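What follows is a single structure, written as C-alpha cells, with notes after it.
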Amino acid sequence: MKKLLIAALFPLLVSACGKSSGEEYLGHWTKVAGQGPDLTIEKHGDVFVIKEPSVLMAGQFDQFTADMVGDRLVLHAGVGGEIPVVIDKSTGHLLLAGEELQRGGK
C-alpha cells in the first residue's frame, strides 16, 4: 500500500517543482532608466511573443517572436538576426539590446 501511495504521489511532486522553460520571462517589463517603450512578453504554445507600443501607430503594438535557446530567450529580428534576451540573476532585470527593464505592473 505504501509503495502504491508513493508511486501515485511522485509524479505530482515532480510536476510541481520548478517552472516550465521560460516562465520567468513572462509579464510586463518597464525601463529602469530613461524613456522608451515598456514590453510585454507572452507565451503562445512554444513561441514567445514580445509586444511593445508602436512608435508610428498610437494604440497599436509591434510584435516580435522569440524562442528558448538553452537557458535564454532569443528574439528573432529580421533576416538572420537574433537578439538574446537575458534575465540578470543578481537584479532580476531583463536585458535586451542594451536596455535594462524591471518587472512592472499593468
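Values quoted throughout were computed directly from the atomic coordinates according to the rules given, and no laboratory measurement underlies them. Predicted, not measured: the structure shown is a model, and the values here were computed from it. We place every Cβ from the backbone using ideal geometry, glycine too, and count neighbours over all the protein chains shown.
Over the stretch 20-104, what is the relative contact order in whole percent, taking alpha-carbon pairs under 8 Å and six or more residues apart? Provide the component values of the computation, followed by the final result.
Working: 155 pairs, mean separation 21.2, N = 85.
The value is 25 percent.
Stretching Lys51 away from Thr30 to a fully extended chain increases their span by 6.3 nm, per 0.36 nm per residue minus the current alpha-carbon distance. Only aspartates and glutamates eight or more places from Lys43 in sequence, or on another chain, were considered; those with a Cα closer than 15 Å are Glu23, Glu24, Glu52, Asp67.
For Ala58 and Ser90, what is the calculated FRET efficiency with R₀ set at 25 Å and r taken between the beta-carbons, to the nearest 0.05? Let's see the in-between values first.
Details: r = 37 Å, r/R0 = 1.46.
Efficiency, from the Cβ-Cβ distance: 0.10.
Value of Rg to Rh for the stretch 20-104, rounded to two decimals, is 0.94; Kirkwood radius and Rg both from alpha-carbon coordinates. Of the peptides 86-93, 24-31, the ranking by mean beta-carbon count within 10 Å, highest at the top, reads 24-31, 86-93.
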